[in-house]
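Comments concern the structure below.
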Amino acid sequence: MVALLLASSLAGCGVVSNGDNKNTEKTAAKDGDKIVIGMSMDTLKEERWQKDRDIFTAKVEELGGEVKVLAANGDDATQLSQAEQLISQGVDVLVVIAHNAEAAAPIVEKAHKEGIKVIAYDRLINNSEVDYYISFDNVRVGEFQAKAVIEQAPKGNIVYIGGADTDNNAHMFKEGAMNILKPLEEKGDIKIVYDQFSKDWKPEEALKNMENALTANNNDVQGVVAANDGTAGGSIQALTAQGMAGKIPVSGQDADLAAVQRIAEGTQLMTVYKPINAIATKAAEMAMAAAKGEKIATEKTVNNGKVDVPSVLLDPLAVNKDNLDVLFKDGFHKLEEVYKNVPKDQWPKQ
């Protein structure tokens, strides 16, 4: 009788054993129950993340669920507190865009204690037993960036302006870039004369880094591999002050409107477009499936320092002046917005 009552009590709490004695998992959402997905975001201050939120939310709602979003504006303690808030509200699955790959690990542990699965969105959460990871092939992103710059500047001094040291992605982008740059440096074709991360991906930090790079090398710089469009913008601001903008190839990433405008104008060489519709839609489908207790098919794993995380890695796309139209076809940007600072007779034919 006691055993029967205990089993009944556990069932009423909505938890069952997952068979590994580590923690418990919430039971799959019952028919008729509304699935609630928690989304813990690093920030909403950047254009790119607003798009992720909107597309993700729309897809979850289309699939019959609901999304609760909280953004930490780049503060680790705030993100942890907000994640705890979402967990306490009983979300079925937690999707985390981590500000800090290491500091976010306790979020996973706290969620698992309540039987809530965690999906790391675009940024891996290190040293944790995070359930799933969805992103783009970030090493390949860095390779795209370096290749594009080297094609324009095959000889000379190269500057690397990285992203946030706390973001695992920034290290992956750098790894990819160095896959291209280091062998060329060993051959004597180029020299990496400056290599610094930019705190919190801030353009103003990239500006300082680029100013330091120019000063240290007496403006003798032939190319800049910048890890994203924000750091590219800061770098180009420093180049502009020296009358060098448009003369030095600068890479980027995210296809932010300001960046593709610079590409159209000729001050930024390229960006890497990571189709946000693809990652946000797929992540929403994964979150809903996880909430229902369904198995999620993954073809790859990525080691986060503790476990091999089942991962979905999507393909990025290098975009330059010659193929900006892919952004228009995807509905990511409008031609008239991208070319608004360019004389109309120089707009591409439609």
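Data overview
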item	result
Number of the exception - F332 against (1) assigned to a loop (DSSP other than H, G, I, E, B); (2) farther than 15 Å from Y273 by Cα	(2)
Given (1) outside the structural domain of I150 (by the TED database); (2) over 17 Å from the mean Cα position of the chain (by Cα); (3) hydroxyl-bearing (S, T, Y), index of the condition T240 fails	(1)
Test set (1) at pLDDT below 95; (2) buried (at least 22 other Cβ atoms within 10 Å of the Cβ) - A297 fails condition number	(2)
Test: residue in the stretch 49-70 that is touching a residue at least 60 places away in the same chain (Cβ under 8 Å) and over 22 Å from E285 (Cβ atoms)	no
Residue check for E294: among the charged types (D, E, K, R), more than 16 Å from D122 (Cβ to Cβ) and in contact (Cβ under 8 Å) with a residue 60 or more places away in the chain	yes
Residue count for the stretch 105-131, restricted to those that are over 14 Å from V307 (Cα atoms), in contact (Cβ under 8 Å) with a residue 40 or more places away in the chain and open to solvent by 20 Å² or more (accessible area, probe 1.4 Å)	4
Odd one out for V67 among (1) buried (at least 17 other Cβ atoms within 10 Å of the Cβ); (2) modelled with pLDDT under 95; (3) not aromatic (F, W, Y)	(2)
Residue match in the stretch 312-325 (condition: assigned to a loop (DSSP other than H, G, I, E, B), touching a residue at least 24 places away in the same chain (Cβ under 8 Å), under 30 Å from V118 (Cα atoms) and not small (G, A, S))	yes
Some residue of the stretch 85-92 being at pLDDT 95 or above and of a type in the set (V, I, T)	yes
Evaluation of G246 against (1) without any contact (Cβ under 8 Å) to a residue 60 or more places away in the chain; (2) more than 22 Å from A153 (Cβ to Cβ); (3) small (G, A, S); (4) open to solvent by 40 Å² or more (accessible area, probe 1.4 Å) (one fails), failing number	(2)
Out of L269, L239, L257, L184, sole residue that is without any contact (Cβ under 8 Å) to a residue 60 or more places away in the chain and open to solvent by 10 Å² or more (accessible area, probe 1.4 Å)	L184
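The values are calculated or read from the model by the stated rules, or taken from the named source; none is laboratory data. This one's a predicted model, so the numbers in the text were calculated from it and none came from an experiment. Positions of Cβ are backbone-derived with ideal geometry, glycine not excepted, and every protein chain shown enters the neighbour counts. Heads up: the accessible areas ignore ligands, DNA and RNA and are worked out on the full protein's heavy atoms, side chains in. Shrake-Rupley method; radii C 1.70, N 1.55, O 1.52, S 1.80 Å.
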